[in-house]
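These notes are about the structure you will find just below.
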Amino acid sequence: MKLIDGKKISGEIKDEIKEEVAKLKEQGIDIALAVVKVGEDPASAVYVRNKEKACEYVGIKSITYALKEETTQDELLELIDKLNADKEINGILVQLPLPKHLDETEVLNRIDSKKDVDGFHPMNVGKMMIGEETFLPCTPAGIVELIKRTGVEISGKECVVIGRSNIVGKPMAMLMLKENATVTIAHSRTKDLKKVTKRADILIVAIGKPKFITADYVKEGAVVIDVGIHRNEDNKLCGDVDFDSVSEKTYAITPVPGGVGPMTVTMLLANCVRSAKLFR
Ligand SMILES: Nc1nc2c(c(=O)[nH]1)N[C@@H](CN(C=O)c1ccc(C(=O)N[C@@H](CCC(=O)O)C(=O)O)cc1)CN2
């Protein structure tokens, strides 16, 4: 069984990005990312800190706007408008989830699509659908990169994606289709999930339930990618996949932590570089 080491692979990509950022600096192009965080969600605080550290490592300037929980929709939209107009800012991201009283869709749609380094704006989602060059959502893009850098051929493979969120499941399916996989999207209403998952050469799991996928859901020799992230009572992290039982059957598998998560942050850096190159 191959362990797909997302930490190592993302480290390699970060070094490539660092070189590219240095070259752009020599040409007088500086890259700056605005990160907007609303409220005190502890997981979001960790992810934002990881993004700040990664930016610093590669030489991208990051500015975090930490807004209080009670921030109103109008206040948040006003900040986005200000960042959209700021010529020094190449990328804007709003850390999700937002507090319940805020309208996430309206906020994400307000970000200038040319600064949408999360790839969540409808314009960029549309471009991705038709295969035009654009910002790709970071987690799905990171997963494609992980699979490719593990040396696994995607073209012609049976790929099953469990989950249909706008951030992971739907774009994931699109990107695997672009790589010429035969793609099935399974979800909470899928009948006989095991029957569907057992045909997967590549199984991508974003179901949101700790250790839900056990060995009996997986075909011998499959590649399994675990997008889930859960913290148990002992503060230990696990994914949606029962790693110990499933890994005995797989050709390759991602761990949690250290699999998909670090790639999400690294692909954000790649999108910041893309923004500076395409739209400065
Ligand atoms: N604006 C966005 N919000 C959210 C996104 C996103 O892509 N854009 N994705 C997730 C959270 N996320 C990034 O923001 C993210 C999740 C996990 C990790 C990560 O590195 N995980 C580590 C473990 C870290 C820990 O100790 O908890 C790992 O898996 O090894 C990075 C980023 C939702 N929101």
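The values are calculated or read from the model by the stated rules, or taken from the named source; none is laboratory data. These figures come from a predicted structure and were not determined experimentally. Positions of Cβ are backbone-derived with ideal geometry, glycine not excepted, and every protein chain shown enters the neighbour counts.
With respect to the stated conditions, R189 fails to be within 16 Å of the ligand (Cβ to nearest atom), out of contact with any helix residue (DSSP H, G or I) (no Cβ under 7 Å at 6 or more places or on another chain) and either under 23 Å from K51 (Cβ atoms) or without any contact (Cβ under 8 Å) to a residue 40 or more places away in the chain (or both). Considering segment 239-264, the residues that are within 14 Å of the chain's Cα centre (by Cα), buried (at least 20 other Cβ atoms within 10 Å of the Cβ) and not hydroxyl-bearing (S, T, Y) include one that is nearest to the ligand (Cβ to nearest atom), namely G261.
Taking every residue in segment 102-115 that is without any contact (Cβ under 8 Å) to a residue 24 or more places away in the chain and pairing it with any residue that is buried (at least 20 other Cβ atoms within 10 Å of the Cβ) and aromatic (F, W, Y), at least 6 positions away or on another chain, the pairs with Cβ-Cβ distances below 8 Å are L108/F120.
Taking each residue of segment 251-280 that is aromatic (F, W, Y) and looking for partners that are more than 8 Å from the ligand (Cβ to nearest atom) and part of a loop (DSSP other than H, G, I, E, B) with beta-carbon atoms closer than 6 Å, six or more apart or interchain, yields Y251/G221. Residues in segment 1-34 that are under 30 Å from A222 (Cβ atoms) and either crowded, with 17+ Cβ neighbours inside 10 Å or of a type in the set (G, A, S) (or both): I4, D5, G6, I9, S10, G11, I13, K14.
Looking at T182, is it modelled with pLDDT of 95 or more, among the hydroxyl-bearing types (S, T, Y) and in contact with a Leu (Cβ under 7 Å, 6 or more places away or on another chain)?
Values: modelled with pLDDT of 95 or more: yes; among the hydroxyl-bearing types (S, T, Y): yes; in contact with a Leu (Cβ under 7 Å, 6 or more places away or on another chain): no.
In short, no.
Inspection of segment 108-127 identifies no residue that is of a type in the set (D, E), within 23 Å of V260 (Cβ to Cβ) and surrounded by fewer than 23 Cβ atoms within 10 Å (Cβ to Cβ). Pairs linking a residue in segment 230-241 that is among the basic types (K, R) to a residue that is at pLDDT 95 or above and more than 10 Å from the ligand (Cβ to nearest atom), with Cβ atoms under 9 Å and 6 or more positions apart or on different chains, are R231/C238.
When K100, K61, K82, K115 are screened for being within 17 Å of K51 (Cβ to Cβ) and more than 19 Å from the chain's Cα centre (by Cα), only K61 passes.
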